[in-house]
Amino acid sequence: MSTASVARSARLGPLISIASVAAFVLLWYEAARLGWASSLILPAPGEVLDTALQMLNDGYRHVPLWQHVAISLGRALAAFAAALVVGIPLGLAMGLSPILSSILDPFVQFLRPLPKLALIPLVIVWLGIGESSKIFLIFVSTLFSVIVGAAAAAGSVKVGRLRLARAFGATRRQQLWYFVLPSALPEIFTSVRLAFGVGWTTLIAAEMVAADSGMGWMVINASSYMRTDIVMLGILLLGVTGYLLDLAVVGLQRAVVPWAGRE
Amino acid sequence: MSVKIAFEEVTQVYGDTGKGGGTRALEHFSLEIAERNFVCLLGPSGCGKSTVLNLAAGFEKPSGGSVLIDGKTVTGPGRDRGMVFQEPLLLPWRNVIENVMLGPCLAGWPKVEALAQARHYLRLTGLERFERHASYELSGGMRQRVALARAWIGEPPVLLMDEPFGALDAQTRLVMQELLLEIWEQTRTTVLFVTHDVDEALFLGDRVVVMSASPGRVLLDLAVDLPRPRTEEILTSPRFADAKRRCLRLIGEESRRAFGHLEGDGI
Amino acid sequence: MPIGKYVILAAGALAGLLALPPLSQAEEVPAVVRFGYLNGPRPWILGKADQSFDKALGTKVQWINFPNGPNELNALAAGEVDIGRIGSVPTVSALVRKVPIKVIAVSGVIATSERLIARKGIDSVKALEGHAVAYPPGSTAHYALLAAFKVHQVDVSKVRQVQLKPGDLLAAWKRGDIDAAYVWGPFSQQLEGENGHAILATKDLQPAGYFLFNDYVVRKEFAEKYPGLVVKFLKTFGDTVARYKADPDGSAAIIAKELDQDPAAAKDTLAGLIYPPLNEQRTTAWLGDGHDSGNAVITKSFADTARFLVEQGELRAADLPSDFAPFIDTSFLAKAVAAP
């Protein structure tokens, strides 16, 4: 492709995306209108919209809709913050110290792919049924991806840059602060983005633990009563919030590491 | 003039060295570089010329023999030797002037002094208008100018350059070569400059040391008697053409002599 | 050798089928009939243990387990279950949301099999104010708890209500995170074994008009295609209840073993339900006979439950049917009772 046509498709990109979403909604609308599936299985967009409007007025189960969103977001952000504070230093340390890496790697590799649903009974025993157990579930599912990403980032600093550091007589501490950490930042951002995605998917599992609000709980509770319209609304809210969260991370990445991918 | 850099019977072997194994990058490599001299190390890729540079820089330790700077054995990298690599290796999280100030920052210079010195070298390299630019927004040639200023700011007595203009287009390369000579005329630093380009070596150097490959050793040591200061015009002068012809002829003769017996062995 | 063995087995089975007298009409039989069951001990599990349903239906029965009613409800909606036992509350959710199922019989009335267990020192429902109470959401126990709050005029704002799956209750109880829970066996007995005691049973709510039960539902399409199998199912179910009544202890032991539960707890739960005889279920005291079903107790109970769930914000008023009678089909019951 020529650069001109690349530029043109970059400009068209958002328009194409909007059109594709619009086409999907139209298909959904038509599928429901023509009765391809019952409203139980596939609630019409109008029905979901009605439910959304009604909930904007009355809330769901006596909790305003925005509060469900805010509570889930709060839980996720608290867990993400904890995962970053713990995971980035630990991951970097593992990436820089082969010994530490050998000590911790078996645990990280064991825990990372573990389905977090399996932890629910243990988490209740350890932390009870309050907020801490919900946040903890999201935290653990985020943490290991952050650790693995940060470790890989620390290990991926270019040899040339380290030579440069040594040529300038940088001490070990200077090598870390002036070269290794900033070099690892773009990759850390990328892995954090992925980790947040993983953590966000744990929201439903987390809100299975004695919750009475939150988007994940909304979906679970509504499914108990076959309220597929609310389930659909909850899924849409989860998706849109997750997407906005991702956009925020990308925005932050652009602001903090504008050189990512441009060297 | 006193000897600044000396390689004495240096052997460098990579990989498993037991029982004569491993790759012999250098064997009995000896070279002396006088103070304030501009020496170009010329050779094909893989001849060990980068190894020579890395030994001088202190990135590697020789398997045998010794590398001396001012008569003292090199034990590791140090601020007395400035480095310019083939890649500019600018730190993208630092803008242009911050990149130039990297060395002073690490050495703990007072900020005012570092800034003044950085501005001086940015002026010398023609980058004064790009002080606050992001390094990744610059062209390849400009990036290498920043790298040049960054290496020079601490005014190290030795400058080690590893094919710094190898990745640039011919036009930019010429501009950079002239710039390098211009600054060097003012500072007269001892320079060890690695290249595989005969024109570049003759244009820049007081001496051109030609290396042969596997194992790397000195094939030819030529004095370049072109007058200084040198500029672009010299490249098209009969004297330059003469020097180049002589150099290529000698390289050819030496190569035939070095490899002739191998052909005789039926290889 | 193994192939020969199977051929002989298959031939034997075929001969057995041919030897059987034709039952009613020659109705086609699906390769497998899927039963949805929950973990609560019930008489029909006897039929799971000895495969009497497989024999009666003349085909393989696949028993699909669900941790709770709402999960089974989702499977019913997806058409993954043909016949299921489910609580009256999930049944109402299904009917209101137009899941294509029919209610064919009452399995058992919840009397003491579901109870409100509280810690020592909490002796009444009213005393729950200021404490945390857990319940499995969307269940009959959930409904009973909210009904109990209403009957005993509990200030709901002073009670911390905690949604927990039955399997997670014990952990929360042991940690002291909850002070009471409304739940069924074997979980109720587990809590009682950990210094809990029952302060209310579901039957205590009956005088106030709260009637909670389990019922059997069948997928509409299945019922239309295989009405004979539905009749045979009900008849066999009736047999298992009769067997249980004849030998409660022995039956409880078999059921507990089949479900891998504590026999004493299973016995307690089994005794905590009332099993209305099939021949009585076609009166207005239960499901009605199809003409008077609108006045039947079960029909009214469905309507009450639905209204309650609307009040709670779980269901939409607009979705409520004017009458639940059309969802009840006692024609299978009639044939099952009439069959020899």
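Taking θ = phi - 60°, what integer Hz values does the Karplus form 6.51 cos²θ - 1.76 cosθ + 1.60 yield along region B:57-69, in sequence order, with x for Gly and Pro?
These are the phi-based 3J(HN,Hα) values: 6, x, 6, 10, 10, x, 6, x, x, 9, 10, 10, 10 Hz.
Pull out the extension gain between C:Glu27 and C:Ala264, defined as 0.36 nm times the separation in residues minus the alpha carbon to alpha carbon distance; nm, one decimal.
81.1 nm
What FRET efficiency comes out for A:His62 versus C:Lys120 if R0 is 35 angstrom and r is the Cβ-Cβ distance? Round to the nearest 0.05.
E between A:His62 and C:Lys120, to the nearest 0.05, is 0.65.
Just by accessible area at a 1.4 angstrom probe, what is the order of B:Asp70, C:Asp319 from largest to smallest? Working shown, then result.
Values: B:Asp70 85, C:Asp319 25 Å².
From most accessible down to least: B:Asp70, C:Asp319.
Using helices alone, I'd like the mean residue ellipticity at 222 nm for chain A: each DSSP H run of four-plus residues gives -39500 (n - 2.57), total over residue count, nearest 500.
After summing the helix terms and dividing by the residues of chain A, the value is -25500 deg cm²/dmol.
In nm, what is the difference between 0.36 nm times the number of residues separating B:Ala34 and B:Thr73 and their Cα-Cα distance?
12.4 nm
Take the alpha-carbon centre of region B:44-123, take the same for region C:270-313, and report the distance between them in whole Å.
Answer, in whole Å: 89.
At a probe radius of 1.4 Å, what is the per-residue accessible area of A:Leu77, in Å² to the nearest 10?
Probe radius 1.4 Å; accessible area of A:Leu77 about 80 Å².
Residue by residue through region B:215-220, which ³J(HN,Hα) values in whole Hz follow from phi under the Karplus form 6.51 cos²θ - 1.76 cosθ + 1.60 (θ = phi - 60°), with glycine and proline marked x?
Values, residue by residue: x, x, 8, 7, 8, 7 Hz.
Taking 8 Å as the Cα distance limit and 6 or more residues as the minimum spacing, I'd like the relative contact order of chain C as a percentage.
Working: 587 pairs, mean separation 80.8, N = 340.
Computed value for chain C: 24 percent relative contact order.
Going down the table (C:Lys98/C:Lys203; A:Lys158/B:Lys49; C:Lys48/C:Lys335; C:Lys98/C:Lys245; C:Lys102/C:Lys235), which pairs top 27 Å between alpha carbons?
Over 27 Å apart, Cα to Cα: C:Lys98/C:Lys203; C:Lys98/C:Lys245.
Springs between alpha-carbon atoms under 10 Å, Gaussian network over chain A: tell me which of A:Arg33, A:Arg172, A:Arg227 tops the mean-square fluctuations.
A:Arg172
Give me the one-decimal nm value for the distance between modelled label points at B:Ser66 and B:Glu9, 7 Å along each residue's Cα-to-Cβ direction.
Spacing of the two 7 Å Cα→Cβ label points: 1.2 nm.
With point charges of +1 on the Cβ of Lys and Arg and -1 on the Cβ of Asp and Glu, referenced to the Cα centre of the protein assembly as shown, which listed residue (B:Val191, B:Gly76, A:Thr202) lies farthest in the positive direction of the dipole?
B:Val191
Could you identify which residue out of C:Gln281, C:Gln51, C:Gln189 has the top mean-square fluctuation in a GNM of chain C using Cα springs shorter than 10 Å?
Most flexible of the set in this elastic network: C:Gln51.
Sort C:Asp50, B:Asp225 from largest to smallest accessible area, using a 1.4 Å probe on the heavy atoms of the protein chains.
B:Asp225, C:Asp50
Give me the one-decimal nm value for the distance between modelled label points at A:Trp177 and A:Ser17, 7 Å along each residue's Cα-to-Cβ direction.
A separation of 3.9 nm, rounded to one decimal place.
With charges only on Cβ, +1 for K and R and -1 for D and E, what is the dipole size of region C:114-208 about its Cα centre, in debye, rounded to 20?
Dipole size: approximately 60 debye.
Check C:Gly36: other-chain or 5+ apart residues with amide H under 5 Å from its amide H, H built from backbone geometry?
For C:Gly36, whose amide H was placed from the backbone, the distant partners under 5 Å are C:Ile64, C:Asp82, C:Ile83, C:Gly84, C:Arg85.
For all pairs of alpha-carbon atoms in region B:101-185, what percent lies in each bin of width 10 Å, listed from the first bin to the last filled one?
Histogram of Cα-Cα distances, whole percents per bin: 16, 51, 30, 3.
Only bridges with both residues in the protein assembly as shown count here: give the DSSP antiparallel percent, nearest 5.
55
Could you tell me which of C:Gly288, C:Asn65, C:Ala325 has its Cα farthest along the dipole of chain C towards the positive end, charges placed at Cβ (Lys, Arg +1; Asp, Glu -1), taken about the Cα centre?
C:Asn65
Pulled fully out, how much extra length does the chain show between C:Ile274 and C:His291, if you take 0.36 nm times their separation in residues and subtract their Cα-Cα distance?
Result for the pair: 3.6 nm of gain on full extension.
With θ taken as phi - 60° and the coefficients 6.51, -1.76 and 1.60, list the Karplus ³J(HN,Hα) couplings across region A:244-249 in order, rounded to whole Hz; mark glycine and proline as x.
5, 4, 5, 4, 5, 5
Which value in Å does the Kirkwood hydrodynamic radius of the protein assembly as shown take, with 1/r averaged over all unlike C-alpha pairs and then inverted?
Here the Kirkwood hydrodynamic radius works out to 34.6 Å.
Arrange the residues A:Phe136, A:Phe196 by how much accessible surface each exposes, largest first, with a 1.4 angstrom probe.
Sorted by accessible area, descending: A:Phe136, A:Phe196.
Amide H to amide H under 5 Å from C:Arg160: which residues, 5+ apart in sequence or cross-chain, H placed 1.01 Å off N in plane?
C:Gly130, C:His131, C:Ala132, C:Val133
Helix B:111-124 versus the longest principal axis of chain B: what angle, 0 to 90°, nearest 10, using Cα atoms?
For B:111-124 against chain B, the angle is about 60 degrees.
Given the convex hull of the Cα atoms of region A:1-97, what is a quarter of its surface area in nm²?
So the Cα hull casts an average projection of 12.6 nm².
Lys/Arg Cβ at +1, Asp/Glu Cβ at -1, dipole of region B:1-114 taken about the Cα centre: which of B:Leu41, B:Pro88, B:Leu26 is farthest positive-ward?
Value: B:Pro88.
Would you please report the Å³ per residue occupied by the convex hull of the alpha carbon atoms in region C:187-258?
Numbers: hull volume 11.6 nm³, N = 72.
Output value, Cα hull per residue: 161 Å³.
Could you work out what % of the accessible surface of the protein assembly as shown is carbon and sulfur, using a 1.4 angstrom probe and leaving DNA, RNA and ligands out of the count?
For the protein assembly as shown, the apolar C and S fraction of the accessible surface comes to 60 percent.
Just the number, please: buried accessible area between A and B, total of both chains, 1.4 angstrom probe, nearest 100 square angstrom.
Chain pair A/B: roughly 2000 Å² of buried accessible area.
So if I place +1 on the C-beta of Lys and Arg and -1 on the C-beta of Asp and Glu, and nothing else carries charge, what would the dipole magnitude of the protein assembly as shown be about its Cα centre? I want it in debye, nearest 20.
Numbers: 84 positive and 83 negative charges, 126 e Å.
With only Lys, Arg, Asp and Glu charged at Cβ, the dipole is about 600 debye.
Using a Förster distance of 22 angstrom, determine the FRET efficiency expected from the C-beta separation of A:Ser38 and A:Leu236, and round it to 0.05.
FRET efficiency, A:Ser38 to A:Leu236: 0.65.
At 7 Å along Cα-to-Cβ for each site, give me the label-to-label distance between A:Arg8 and A:Ala255 in nm.
The modelled label-to-label distance comes out at 3.6 nm.
In terms of the Cα gyration tensor, with a ≥ b ≥ c the square roots of its eigenvalues, is region C:114-208 rounded because a/c is under 1.5, prolate because a/b exceeds b/c, or oblate?
The shape class here is rounded.
With an 8 Å cut-off on Cα pairs and a minimum separation of 6 or more residues, tell me the relative contact order of chain A in percent.
23
Can you give me the solvent accessible area of B:Cys47 with a 1.4 Å probe, rounded to the nearest 10 Å²?
0
Once the principal axes of the Cα atoms of chain B are found, what is the range along each, listed largest first in whole angstroms?
Rounded to whole Å, the extents work out to 63, 48, 37 Å.
Could you tell me the distance between the Cα centroids of region A:1-80 and region A:161-228, to the nearest Å?
Cα centroid to Cα centroid, the span is 24 Å.
Can you give the angle from 0 to 90° between the axis of helix B:140-152 and the longest principal axis of chain B, with both taken from C-alpha atoms, to the nearest 10?
Taking the Cα atoms of chain B, the angle to B:140-152 is about 90 degrees.
Report, in deg cm²/dmol and to the nearest 500, the calculated mean residue ellipticity at 222 nm for chain C, where each DSSP H run with n ≥ 4 adds -39500 (n - 2.57) and the sum is divided by the residue count.
On the way: 14 runs with 145 residues, N = 340.
Helix-only estimate at 222 nm: -12500 deg cm²/dmol.
Using Cα pairs under 8 angstrom and six or more residues apart, how large is the relative contact order of region C:114-208, in percent?
It rounds to 48 percent for region C:114-208.
The values are calculated or read from the model by the stated rules, or taken from the named source; none is laboratory data. Computed from a predicted structure; not experimentally measured. As a convention, Cβ positions derive from the backbone with ideal geometry for all residues, glycine included, and neighbour counts pool all protein chains shown. Just so you know, the surface numbers come from the protein's heavy atoms only, side chains and all, with ligands and any DNA or RNA stripped out. Shrake-Rupley method; radii C 1.70, N 1.55, O 1.52, S 1.80 Å.
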